[in-house]
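Since every read-out is calculated from the coordinates, none of them should be taken as a lab result. Just so we're clear, the structure is a prediction, and the values are computed from it rather than from any experiment. A quick note on method: Cβ atoms are made from the backbone with ideal geometry, for glycine too, and the neighbour counts reach across all protein chains shown.
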Amino acid sequence: MAVQSGKPAGGRRRQPSLAQLRAFAAVAEHLHFRDAAAAIGMSQPALSGAVSALEETLGVTLVERTTRKVLLSPAGARIAVRAKAVLGEVGALMEEAEAVRAPFTGALRLGVIPTVAPYLLPTVLRLVHDTYPDLDLQVHEEQTSSLIDGLAAGRLDLLLLAVPLGVPGVVELPLFDEDFVLVTPLDHWLGGREGIPREALRELDLLLLDEGHCLRDQALDICREAGRDGVDVTTTAAGLSTLVQLVAGGLGCTLLPRTALRVETARSSQLLTGAFAEPAPSRRVALAMRAGAARATEYEELAEALREALRPLPVRVLPAGVPAT
């Protein structure tokens, strides 16, 4: 594809628009026009037109289009990094303006992982509705890696997920710890037991979520701590609801965080739960924000309010200032 220079006859170079940069950044991330368009809420023809307009403005080919896939040109790969940085700065500018106007007003784009969202969002939404009625809370459920990318790019403002992340430029505000519980079929020898030693995990047929879920990684870490080198994965699930139904059908056992236990095990009468001996394996859940966020004070206040709101749940609420690990 030949691209003419974006410099008009008068000698003054045209500037790319934010819509063009946003469209190109989405294509660079997804390498698929349909997926990129869906990710930013734009029609596919409009997105393709915006990328073409950006190429014309810059005078370089950014994307190599084939019938089967989309590839970035060498120039496109370099400019994608710049576009992401520009969009991140624009997001910070908008955040700064919102913070100046008034606290807890305007939009707050909250990213949540799938193994937290169904169980904590009712508490989060009720808190925001009752305490911050002028806050426009926008929720995005995605896996951890996508949430971190969204935070860095300015697409998201705040994350609710399992920590530690160990990501430079991200500040974690721990909320609580919660134990894992063993979920088994009715006829399993560990079903309903208390004080289960972690070593029991060495011999279990353990069912896991698909790759990309942090809960899968946490389960594997717990197995390694128990002396198990790995898990032979023959069956996986995209979500906890399916995972628990696989257990109910007798295909194996799994680990559930306590916040998910009541919701997920209520779906079947063919399940039993077992508690591990102390200290039980657990995970830590936190809010995460960009370092230096203009609304950092608001986010810290929201974290403290959320800690109080979460106390009725089966978790150990943490005081402010506790590290992620």
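What ranking do SER48, SER17, SER269 get, fewest neighbouring Cβ atoms within 10 angstrom at the top? Please list the in-between numbers first.
Values: SER48 18, SER17 13, SER269 8.
By the 10 Å Cβ count, ascending, the order reads SER269, SER17, SER48.
Once the piece of chain linking ALA19 and ASP149 is laid out straight, how much longer is it, given 0.36 nm per residue of separation minus the C-alpha distance between them? Can you show the working numbers first?
Numbers: separation 130, 0.36 × 130 = 46.80 nm, distance 1.88 nm.
Once the chain is fully extended between ALA19 and ASP149, it gains 44.9 nm.
Got a sec to turn the phi values of segment 224-235 into Karplus ³J(HN,Hα) couplings, 6.51 cos²θ - 1.76 cosθ + 1.60 with θ = phi - 60°, whole Hz, x for Gly and Pro?
Those phi angles translate into 4, 5, 7, x, 9, 6, x, 10, 6, 8, 10, 9 Hz.
If amide hydrogens are placed 1.01 Å from N in the peptide plane, which non-local residues have theirs closer than 5 Å to the one on GLU64?
The answer is LEU71, LEU72, SER73.
Among [x] -0.48, -0.70, -1.26; [y] -0.35, -0.57, -1.57; [z] -0.36, -0.55, -1.31, find the value of log10 I(q)/I(0) by the Debye sum over Cα atoms at q = 0.08, 0.10, 0.16 Å⁻¹ that was calculated from the structure presented, and write down its label.
Given [x] -0.48, -0.70, -1.26; [y] -0.35, -0.57, -1.57; [z] -0.36, -0.55, -1.31, the calculated one carries the label [x].
Suppose every Lys and Arg Cβ carries +1 and every Asp and Glu Cβ carries -1, with no other charges. What dipole size does segment 103-189 come out with about its Cα centre, to the nearest 20 debye? Before the final figure, lay out the partial values.
Working: 3 positive and 12 negative charges, 45 e Å.
Value, rounded to 20: 220 debye.
Among MET94, MET42, MET289, which comes first, then next, by fewest other beta-carbon atoms within 10 Å?
Working: MET94 15, MET42 18, MET289 23.
Lowest count first: MET94, MET42, MET289.
Which distance in Å, rounded to a whole number, links the C-alpha centroids of segment 202-219 and segment 225-255?
The distance from the Cα centre of segment 202-219 to that of segment 225-255 comes to 6 Å.
Using the basic label-point model (7 angstrom from Cα toward the beta carbon), what is the GLU56 to THR236 distance in nanometres?
Spacing of the two 7 Å Cα→Cβ label points: 4.3 nm.
Can you run phi through the Karplus equation (6.51, -1.76, 1.60; θ = phi - 60°) for segment 138-155 and list ³J(HN,Hα) in whole Hz, with x for Gly and Pro?
Result, ordered by residue: 10, 9, 10, 9, 8, 6, 4, 4, 5, 5, 5, 4, x, 5, 5, 7, x, 6 Hz.
Only Cα pairs within less than 10 Å get springs; with that Gaussian network setup on the chain, which residue of GLY249, GLY91, GLY111 has the largest fluctuation?
GLY249
Residue by residue through segment 165-179, what is 3J(HN,Hα) from phi via Karplus (6.51 cos²θ - 1.76 cosθ + 1.60, θ = phi - 60°)? Round to whole Hz and write x for glycine and proline.
Residue by residue, segment 165-179 yields 9, x, 9, x, x, 10, 9, 9, 10, x, 10, 7, 10, 9, 7 Hz.
Relative to the longest principal Cα axis of the chain, at what angle does helix 296-309 sit, 0 to 90 degrees, rounded to 10?
The angle comes out at about 20 degrees.
Can you tell which of LEU302, VAL181, ALA37 lies farthest toward the positive end of the dipole of the chain, using +1 and -1 charges on the Cβ of basic and acidic side chains (Lys, Arg; Asp, Glu)?
ALA37
Specify the angular offset, from 0 to 90 degrees and rounded to the nearest 10, of the alpha carbon long axis of helix 18-30 from the longest principal axis of the alpha carbons in the chain.
50
Sort segment 18-88 into rounded, prolate or oblate with this rule: let a ≥ b ≥ c be the square roots of the eigenvalues of the Cα gyration tensor; rounded if a/c is under 1.5, and if a/c is not under 1.5, prolate when a/b is larger than b/c, oblate otherwise. Mind dumping the intermediate values first?
On the way: a/c = 1.36, a/b = 1.09, b/c = 1.24.
Rounded.
How do 227-240, 133-146 rank on mean C-beta neighbours within 10 Å, highest first?
Details: 227-240: 13.1, 133-146: 14.9.
Listed from highest to lowest mean packing, they are 133-146, 227-240.
Given a Förster distance of 35 Å, report the FRET efficiency between ASP205 and VAL139 from their Cβ-Cβ distance, rounded to the nearest 0.05. It would help to have the intermediate numbers written out before the result.
On the way: r = 35 Å, r/R0 = 1.00.
Calculated value: 0.50.
If the only charges are +1 at each Lys and Arg Cβ and -1 at each Asp and Glu Cβ, what is the size of the charge dipole of the chain around the Cα centre, to the nearest 20 debye? Write down the numbers at each step before the final one.
Numbers: 32 positive and 39 negative charges, 250 e Å.
Approximately 1200 debye in magnitude.
Starting from the amide H of LEU206, placed 1.01 Å from N in the peptide plane, find each other amide H under 5 Å away whose residue is 5 or more places distant or on another chain.
CYS253
How many angstrom lie between the C-alpha centres of segment 110-153 and segment 58-75?
Between the Cα centres of segment 110-153 and segment 58-75 lies a distance of 34 Å.
Would you please classify the overall shape of segment 61-147 from the alpha carbon gyration tensor, given that a ≥ b ≥ c denote the square roots of the eigenvalues, rounded means a/c under 1.5, and beyond that prolate means a/b larger than b/c while oblate covers the rest?
On the way: a/c = 4.02, a/b = 1.72, b/c = 2.33.
It comes out oblate by the Cα gyration axes.
Is segment 178-281 rounded, prolate or oblate when judged by the Cα gyration tensor, a ≥ b ≥ c being the square roots of its eigenvalues, rounded requiring a/c under 1.5 and prolate requiring a/b larger than b/c?
Values: a/c = 1.34, a/b = 1.07, b/c = 1.25.
Taking the square roots of the gyration eigenvalues as a ≥ b ≥ c, segment 178-281 is rounded.
Run the quick spin-label model on LEU31 and LEU190: label points 7 Å from Cα toward the beta carbon, then report their separation in nm to one decimal.
For LEU31 paired with LEU190, the spin-label model returns 3.9 nm.
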